[in-house]
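One structure is given here, and the rest of the page talks about it.
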């Protein structure tokens, strides 16, 4: 007997519960199909804008080796891959720490970085100076990620990851190689076009797990009190 036809409830479940669960299962399948349809439409997007050849700052892969830094061009971040996934970290030059929600998302990316690396290059780019970014990365134990500073560049503003007032904007972008150029493919911000929130919720399992609970997600907001220590 396949898993598909096995009941999703324990022995002794009421008839009312079973009927409601079957109806919910149908809705969950429709939701899955809609997610896949949106993903297919995303892949059919026409070519995006050609981006400038920005030069960022990056330190050693060892987060505790802060003695050197080097300039790294946007194109170099691709390595041997044809695509580059960028998480735009909300961490401005004057901020004392990164956005708690951004930090929670990046915590998750750090855990699955090896799997992502099998398909695309990935970098976390923030506007704060490199030393600030690396100190925060150490506190969060982001030892599997490439941490890059866009300080002193127009990258954030050009990508719309920075508002005119300098406030940073959380979002994720996909860039691609196009000959010698770097071309924008797709950006997903935290807010939709009508400013509704939860635009990037699907990128973190935390929200989806909370949605499984009887209490739901409520008005919970991540806090930076959760930190790790690599040492």
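The values are calculated or read from the model by the stated rules, or taken from the named source; none is laboratory data. Here the structure is a predicted model, which means the values were calculated and not measured. All Cβ positions, even for glycine, are placed from backbone atoms using ideal geometry, and neighbour counts span all protein chains on display.
Is it fair to say residue 16 is assigned by TED's automatic domain parsing to the domain that holds residue 163, more than 29 Å from residue 200 (Cβ to Cβ) and more than 21 Å from the chain's Cα centre (by Cα)?
On the way: assigned by TED's automatic domain parsing to the domain that holds residue 163: no; more than 29 Å from residue 200 (Cβ to Cβ): yes; more than 21 Å from the chain's Cα centre (by Cα): yes.
The answer is no for residue 16.
Conditions first: (1) part of a loop (DSSP other than H, G, I, E, B); (2) surrounded by 12 or more Cβ atoms within 10 Å (Cβ to Cβ). Residue 134 passes all but one, so which condition is the exception? With (1) part of a loop (DSSP other than H, G, I, E, B); (2) surrounded by 12 or more Cβ atoms within 10 Å (Cβ to Cβ) applied to residue 134, the lone miss is (1).
Can you list the strands (runs of 3 or more DSSP E) lying wholly within the stretch 141-231 that have 3 or more residues being buried (at least 16 other Cβ atoms within 10 Å of the Cβ), in contact with a strand residue (DSSP E or B) (Cβ under 7 Å, 6 or more places away or on another chain) and not assigned by TED's automatic domain parsing to the domain that holds residue 97?
Once the strands (runs of 3 or more DSSP E) in the stretch 141-231 are filtered for at least 3 residues that are buried (at least 16 other Cβ atoms within 10 Å of the Cβ), in contact with a strand residue (DSSP E or B) (Cβ under 7 Å, 6 or more places away or on another chain) and not assigned by TED's automatic domain parsing to the domain that holds residue 97, nothing remains.
Any chance you could count how many residues in the stretch 50-90 are surrounded by 12 or more Cβ atoms within 10 Å (Cβ to Cβ), outside any helix (DSSP H, G or I) and without any contact (Cβ under 8 Å) to a residue 12 or more places away in the chain? Looking only at that region, the number is 1. State which residue is nearest to the chain's Cα centre (by Cα) when the search covers only the stretch 119-131 and only residues that are part of a loop (DSSP other than H, G, I, E, B) and within 23 Å of residue 158 (Cα to Cα). Looking at residues that are part of a loop (DSSP other than H, G, I, E, B) and within 23 Å of residue 158 (Cα to Cα), I get 120. The set of residues in the stretch 25-49 that are without any contact (Cβ under 8 Å) to a residue 12 or more places away in the chain and not in a helix (DSSP H, G or I) comprises 44, 46. Residue count for the stretch 91-118 under the criterion of being within 15 Å of the chain's Cα centre (by Cα), surrounded by fewer than 23 Cβ atoms within 10 Å (Cβ to Cβ) and part of a loop (DSSP other than H, G, I, E, B): the result is 3.
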